[in-house]
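Asker: The structure follows.
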Amino acid sequence: RLLLHFDEGKGINVYDKTAWNNSGIFYGGNDGTLYNGSVSCYDDGTLNNGCPKWVSGKYGKALSFDGVDDYVEISDSPSLDILTGITIVAWINPVDRDDWEIIVTKSEGAFNSNYHLVYNSLDNFFRFSFWDANGIEHWFDTPMNYPPNEWYFIVATYDGHEVKIFVNDQLAVK
């Protein structure tokens, strides 16, 4: 249970709009340094060190990531676990990097993700995957017809039985 609008427009924090208060802080930079309240991505309101940038988005403000090492981290919380289902919703405008681009991920180590939604800019498709209680990964790919540098409204949902992925309000996977 998390709702981030990314509409703050300034600063190093993004705020959860739900009652669970799973707010986050930017991390990143060209040198891979961890940025937090004591070593901020901002100095007097100006960006530095390759941190995510506040830009105009599809609606209001948005964050632009460098595609290398920028991200927003949310502390782990039981409210973020898949219990009976999950829905991930995002407006994204991916760039052409010929690589996998993480949109949302919840992980407990390098190779043990609980779930993730990613974009493959090499083949122009989205993937939603999750691991079940037996440790088995399930993944679902959209068709390969979503070129980079365009806005996409993506919804990936799992109700405990069925997965659906919508792109721009059109069912892409069922």
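Asker: Residue by residue, what Karplus-based ³J(HN,Hα) values in Hz, rounded to whole numbers, does segment 125-132 have, using 6.51, -1.76 and 1.60 with θ = phi - 60° and x for Gly and Pro?
Answerer: For segment 125-132, the Karplus-derived couplings read 9, 9, 10, 10, 9, 7, 10, 8 Hz, x marking Gly and Pro.
Asker: Between G57 and residues 5 or more places away or on another chain, which pairs have amide H atoms under 5 Å apart, with H built 1.01 Å from N, and which residues are they?
Answerer: A62
Asker: Let me ask something else about it. Largest first, how would H116, H161 line up by accessible area (1.4 Å probe)?
Answerer: Working: H116 30, H161 175 Å².
Listed by decreasing accessible area, they come as H161, H116.
Asker: Sorted by accessible area with a 1.4 angstrom probe, largest first, how do Y115, Y158 fall? Mind showing how you got there, number by number?
Answerer: Details: Y115 20, Y158 45 Å².
These residues rank, largest area first, as Y158, Y115.
Asker: Something else about it: Report, to the nearest whole %, how much of the accessible area of segment 69-174 belongs to carbon and sulfur atoms, 1.4 Å probe, protein only. Let's see the in-between values first.
Answerer: Values: 3030 of 6130 Å².
Its accessible area is 49 percent carbon and sulfur atoms.
Asker: Here's a follow-up. I'd like the accessible area for L4: 1.4 Å probe, protein heavy atoms, all chains in place, Å² to the nearest 10.
Answerer: Answer for L4: close to 40 Å² accessible.
Asker: What does the net charge come to around T84 if you take all other residues with beta carbon closer than 14 Å to its beta carbon, with K and R at +1 and D and E at -1?
Answerer: Values: positive: R1; negative: D81, D132, D159, E162.
Summing Lys and Arg as +1 and Asp and Glu as -1 gives -3.
Asker: Can you list residues whose amide H is under 5 Å from V95's amide H, if they're 5+ apart or on another chain and H is modeled 1.01 Å from N?
Answerer: For V95, the qualifying residues are N149.
Asker: Further question on the same structure: Residues with amide H under 5 Å of V173's amide H, sequence separation 5 or more or different chain, H placed in the peptide plane at 1.01 Å from N; which?
Answerer: I165
Asker: Could you report the accessible area of I102 in Å², rounded to 10, computed with a 1.4 Å probe on the protein chains as they sit in the structure?
Answerer: Its accessible surface works out to 120 Å², give or take rounding.
The values are calculated or read from the model by the stated rules, or taken from the named source; none is laboratory data. Since we're looking at a predicted model, the values are computed, not measured. Note that each Cβ is placed from the backbone with ideal geometry, even for glycine, and that neighbours are counted across all protein chains shown. Side chains included, ligands, DNA and RNA excluded: accessible areas come from the protein's heavy atoms. Shrake-Rupley method; radii C 1.70, N 1.55, O 1.52, S 1.80 Å.
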